[in-house]
């Protein structure tokens, strides 16, 4: 692995020159907000005091001048603070998206490491598991509001091939949406309600909303894809949040699609009970039968539903249930699985970015070692082994 | 009260349904195994009685009336099938034979299916027993004479099958 030392040395050299934006900028902006608030309060107080003084027929010019100056100062402070905040967050995002010789690493170094660890395993640095498999898994069924947004997936570090007799595909997956958030819809509804009341009062006709005119009110992912062709697809790996409108990261983690060692027809959904960002996305169909397994910890952490209980118990043998328990200890209880028609789909949200030459921390950039990358690579084999699906002694050929 | 009564009845019916599933799986095994055993008979000449034992147990199973009786027959068949597995272990030349491999796979597959249906049954019993013992359901269950159901011991043990380690030669 010494042939990679040159690359890591070059990365280390560049990393030492990159610093995050100073925290003082954030503190300064916050102080400016505080001063602006104070100035605004002073302006208000002075204004009312000035009125009182003016009413009792004293000279209030000076007080009004202070009120005016404080008000102008406050507005100026607000504008300046917003500019400073925007600049700070822009630089922070830029820092979090830092890449150093990433292309060299992904195109030259990593493929060689993959080849030396796994032989003929296929690797593609910007690849993604077939989108049909992602949708078949049922993890990303959109809610009504989400179906109105632009939605897209993008992948990173795609691996496919066979480990321990198991055919699998693995990638880091990002699921993003762009559109009006729940907060945004709330504001739209409030404005709409006010407008309606206004319209009723003026006896005007209501405008057509367009609902019902178009048969396909629900936007499909395909349509969403067509729409976004015109715009650049956002591949930012940093977690994004939208306030009223914007791009939001709904899922960031890894996705495994593997061939299950038993042949079966039906669907078994194993969903985390932990409520987090994906809770709606991971909601399970209530029409499926609830299944309890013999492992109390698994029952406590997950909701298991299946199209048929017999199939569920056939698939979820005690060995597989124990494997799920072990996996949840290793990956955290947020992992979820779908077992469908002889295939296994597994997702686990992760904040860590795997297979990178650098790790971006809060205050600095640390350069990963060859051992770190090797550990990431070994994790794939460990995962497949932990699933305990390599033992194909059953009817599956 | 009506809602609770209906819920208990539904849970009891679910036990019957899962018991039917066990029966179906057992029947499937009784029907399929003799055919497969016939194909490997020539290789298992040293185990002459196996085929006739399966046939005997099959006819006994058909004549059973109670759950306990049928499960007793099932237990005997499982033990018999285990002896086939052990026999194969003793004759390495059989291990590579495709018909024998098919037999072993089938034995395992049926065992898995039966185990699954038994676990489904036990889960149904758990749900039912819970529904008649929690308050205030226990009062309604008492009025209508609902009694606790017994759990089934899982005969086909996955771990025991794994110990035979068939995959080493599959």
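Here are some notes:
- Pick from the range B:85-111, criterion buried (at least 21 other Cβ atoms within 10 Å of the Cβ) and away from chain A (no Cβ under 11 Å), ranking: modelled with the lowest pLDDT: B:88
- Meets criteria (surrounded by fewer than 22 Cβ atoms within 10 Å (Cβ to Cβ), under 17 Å from residue B:120 (Cβ atoms) and either within 25 Å of the chain's Cα centre (by Cα) or within 14 Å of another protein chain (Cβ to nearest Cβ) (or both)) for residue A:328: no
- Of the listed requirements (1) away from chain B (no Cβ under 14 Å); (2) modelled with pLDDT of 90 or more, residue A:315 misses just one: (1).
Each row is one residue, and each column tells you yes or no for (1) buried (at least 21 other Cβ atoms within 10 Å of the Cβ); (2) under 22 Å from the mean Cα position of the chain (by Cα); (3) more than 9 Å from every other protein chain (Cβ to nearest Cβ).
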| position | (1), (2), (3) |
| --- | --- |
| B:113 | yes, yes, no |
| B:118 | yes, yes, no |
| B:124 | yes, yes, no |
| B:135 | no, no, yes |
| B:142 | no, no, yes |
| B:147 | no, no, yes |
| B:151 | no, yes, yes |
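- Apart from one condition, residue A:283 fits all of (1) out of contact with any strand residue (DSSP E or B) (no Cβ under 7 Å at 6 or more places or on another chain); (2) at pLDDT below 80; (3) within 14 Å of chain B (Cβ to nearest Cβ); the exception is (3).
- Options A:107, A:113, A:84: the member that is in contact with a helix residue (DSSP H, G or I) (Cβ under 8 Å, 6 or more places away or on another chain), assigned to a helix (DSSP H, G or I) and in the same structural domain as residue A:378 (by TED's automatic domain parsing): A:113
- The residue that is farthest from residue A:18 (Cα to Cα), among those in the range A:378-393 that are buried (at least 20 other Cβ atoms within 10 Å of the Cβ) and either within 14 Å of another protein chain (Cβ to nearest Cβ) or at pLDDT 90 or above (or both), is A:393.
The values are calculated or read from the model by the stated rules, or taken from the named source; none is laboratory data. Only a predicted model underlies this, so the values are computations on that prediction, with no experimental measurement involved. Positions of Cβ are backbone-derived with ideal geometry, glycine not excepted, and every protein chain shown enters the neighbour counts.
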